[in-house]
Amino acid sequence: LVSAGLDGVIIQDLGVFKYLKQEFVDKEFPELELHASTQMTITSKYGASYMKDHGCKRIVPARELSLKEIEEIKREVAIEIETFIHGAMCYCYSGQCLMSSFIGGRSGNRGRCAQPCRLPYTTEKDEGYYLSLKDMNTLQFLPQLMEAGIDSFKIEGRMKKPEYVAGVVSIYRKYIDAYLKDAANFRIDKKDLELLHNLYIRSETSEGYYKKHNGRDMIT
């Protein structure tokens with residue numbers, strides 16, 4: 001894979017991380033970057049510093065972190081940070097949910113989540129989407145994320161169509177470039193917000209955890 005042009009690998013397990021560092025990176029492929037996945041649940045500068053000391057090039061911190069917490073990691077630890085900016089949100093802590101495993105035998109921690117939290121559930125009185133979070137959409141405060149020093153933006157796209165990928169990526173690319181070119185006149189076209197919503201949104205959208213800890217209004 002490295003010979004074919006692989007740039008880096010995203011790893012959840014510390015044992016696998018250590019093995020790849022010692023047996024591949026240190027011995028044969030120094031150009032291969034090791035990244036810590038969001039499933040490692042890195043939530044502070046301490047976790048980020050630990051991974052950096054062990055040869056990690058980039059972390060994808062837990063999706064539950066606020067922008068302030070991400071800024072602190074970036075300020076205190078010299079490591080690349082990649083964060084989610086668009087797409088489905090986990091009801092449970094990202095990458096630590098066992099619901100899909102128990103209900104359908106498919107592990108969300110191994111990239112096979114069946115997304116049972118997206119389904120309707122019935123109580124004694126009613127039926128509703130009680131566990132389905134609104135999709136994340138950060139386009140309108142993209143400049144704040146860029147100013148925070150985040151190195152790479154991650155778009156959730158599990159089980160999505162090619163049209164979704166092409167559309168979402170192109171819109172975010174458009175506004176990243178627009179901000180870099182002329183920050184003072186950064187504006188979002190309402191037509192692009194509508195297009196983003198129509199590509200694939202189950203219901204309403206939210207800003208994720210960047211500006212709030214949690215809340216009932218995050219649920220569909």
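For the stretch 127-159, chymotrypsin sites (Phe, Trp or Tyr not before Pro) meeting the loop criterion (DSSP other than H, G, I, E, B) and having at most 15 other Cβ atoms within 10 Å: TYR129, TYR130.
Unpaired cysteine residues in the chain (no second Cys Cβ under 4.7 Å): CYS56, CYS90, CYS113, CYS117.
If you count Lys pairs in the stretch 78-220 whose Cα atoms are under 17 Å apart, skipping same-chain pairs closer than 8 places in sequence, the total is 6. In the context of the full set of protein chains, residues of the stretch 40-193 present 56 Å² of accessible surface per residue (probe radius 1.4 Å, heavy atoms only). Ranked by the mean number of other Cβ atoms within 10 Å of their residues, highest first, the peptides 210-218, 7-15 come out as 7-15, 210-218.
Counting only the Cα atoms, the stretch 57-117 fills a convex hull of 86 Å³ per residue.
Evaluated on the chain, the Kirkwood hydrodynamic radius is 19.0 Å, with distances taken between all distinct Cα atoms. Overall, the ratio between the Cα radius of gyration of the stretch 148-220 and 2.2 N^0.38 Å, rounded to two decimals, is 1.24.
The fraction of accessible area contributed by carbon and sulfur in the stretch 7-146 is 50 percent, rounded to a whole number (1.4 Å probe; ligands and nucleic acids excluded).
Its DSSP H runs of at least 4 residues, each contributing -39,500 (n - 2.57), put the calculated 222 nm mean residue ellipticity of the chain at -9000 deg cm²/dmol, to the nearest 500. With both labels modelled 7 Å from their Cα along Cα-to-Cβ, the LYS68 to HIS213 distance reads 1.0 nm. Across all Cα pairs in the stretch 49-173, the calculated P(r) in 10 Å bins from zero up to the longest distance comes to 11, 35, 34, 17, 3, 0 percent per bin. Volume per residue for the stretch 12-102 equals 110 cubic angstrom (convex hull of Cα atoms).
Of all stretches in the chain that contain no GluC sites (Glu not before Pro) in a DSSP loop with at most 11 other Cβ atoms within 10 Å, the longest one is 125-220.
The values are calculated or read from the model by the stated rules, or taken from the named source; none is laboratory data. This structure is a prediction, so every number in the text was calculated from the model and none was measured. For neighbour counting, all protein chains shown are included, and Cβ atoms are generated from backbone atoms with ideal geometry for every residue, glycine included. Note: areas computed on protein heavy atoms with side chains; ligands, DNA, RNA excluded. Shrake-Rupley method; radii C 1.70, N 1.55, O 1.52, S 1.80 Å.
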